[in-house]
Amino acid sequence: MSLTPSAMTPLGYKAPSFNLLDPKTGTRKTLEQLKGQKATLVMFICNHCPFVVHIEEALVELGHLYNQNEVSIIAINSNDAEIYIEDGPKYMAEKNYNFPYLYDETQDVAKAYNAMCTPDFFLFDEDLACVYRGEFDDSRIGNQILPTGKFVIEAIDMILLNKPISQRQLPSIGCNIKWK
């Protein structure tokens with residue numbers, strides 16, 4: 001596994017639109033349909049990456065923390081499922097996330113967001129301007145810190161409180177997206 005950091009795209013950029021398959025429902029979903037009234041978290045994850053597996057339970061817990069109308073949480077898998085079969089739609093549909101887990105078959109959405117790794121997190125405000133991008137928390141495989149999502153949660157909470165989000169944001173680290 002290769003350690004790949006987030007690109008740390010400049011804050012303020014607008015969330016690129018998408019229209020992606022939701023393997024669980026068999027329907028297509030757009031950013032416009034899914035965006036939250038106050039915040040939208042877009043995260044690039046996959047099924048097989050050990051960095052994602054490490055935080056999977058915390059991702060499920062994150063999905064239960066917020067009113068889904070106010071704060072939308074969206075996961076996107078952009079990995080090449082022809083080579084990494086366990087990242088394909090069939091296996092994505094088996095995940096028990098309570099937020100949409102969408103398939104980016106063309107990888108165009110990952111490129112539009114400048115996503116580099118799994119996991120990679122992008123938080124947008126009500127106007128879909130990026131206000132946070134970077135790490136989930138300071139937990140890492142083997143460092144004995146339990147995953148909590150504290151950095152993402154803190155950023156979401158600041159939006160809900162109409163307070164500024166810290167500009168001290170560190171890149172996420174994970175497996176590189178498996179490009180075709």
Checked the stretch 59-111 for anything in contact with a Phe, Trp or Tyr (Cβ under 9 Å, 6 or more places away or on another chain) and of a type in the set (S, T, N, Q); matches are Q68, S72, N77, S78, N79, Q107
Search the stretch 78-93 for residues that are farther than 19 Å from K111 by Cβ and pair each with any residue that is at pLDDT 95 or above and among the β-branched types (V, I, T) when their beta-carbon atoms are under 8 Å apart and the residues are at least 6 apart or on different chains. Y91/I85
Among residues of the stretch 75-95, those that are surrounded by fewer than 23 Cβ atoms within 10 Å (Cβ to Cβ) and in contact with a helix residue (DSSP H, G or I) (Cβ under 7 Å, 6 or more places away or on another chain), counted: 1
Tell me whether the stretch 85-96 contains one or more residues that are within 21 Å of S172 (Cα to Cα) and of a type in the set (A, V, I, L, M, F, W, C). no
Just one of (1) within 30 Å of G142 (Cα to Cα); (2) in contact with a helix residue (DSSP H, G or I) (Cβ under 6 Å, 6 or more places away or on another chain) trips up P5, so point out which. (2)
On the basis of being at pLDDT below 95 and surrounded by fewer than 18 Cβ atoms within 10 Å (Cβ to Cβ), does I145 make the cut? yes
Would you check if there is a residue in the stretch 50-69 being over 18 Å from V152 (Cα atoms) and not polar (S, T, N, Q)? yes
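How about the stretch 1-87: which strands (runs of 3 or more DSSP E) wholly inside it have at least 2 residues that are touching a Gly at 6+ places or on another chain (Cβ under 6 Å)? Show your work before the answer.
Details: elements: 19-22, 27-30, 39-44, 71-77.
Per the criteria, 71-77.
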Where residues in the stretch 51-62 are in contact (Cβ under 8 Å) with a residue 24 or more places away in the chain and surrounded by fewer than 17 Cβ atoms within 10 Å (Cβ to Cβ), which of them is nearest to T27 (Cα to Cα)? V60
Before we move on, is D138 under 24 Å from I165 (Cβ atoms), modelled with pLDDT of 95 or more and either crowded, with 20+ Cβ neighbours inside 10 Å or among the acidic types (D, E) (or both)? no
Being assigned to a loop (DSSP other than H, G, I, E, B) and within 11 Å of the chain's Cα centre (by Cα), is that true of even one residue in the stretch 125-145? yes
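The values are calculated or read from the model by the stated rules, or taken from the named source; none is laboratory data. Keep in mind it's a predicted model, so treat the numbers as computed, not measured. In this analysis, Cβ positions are derived from the backbone assuming ideal geometry, glycine residues included, and neighbour counts consider all displayed protein chains.
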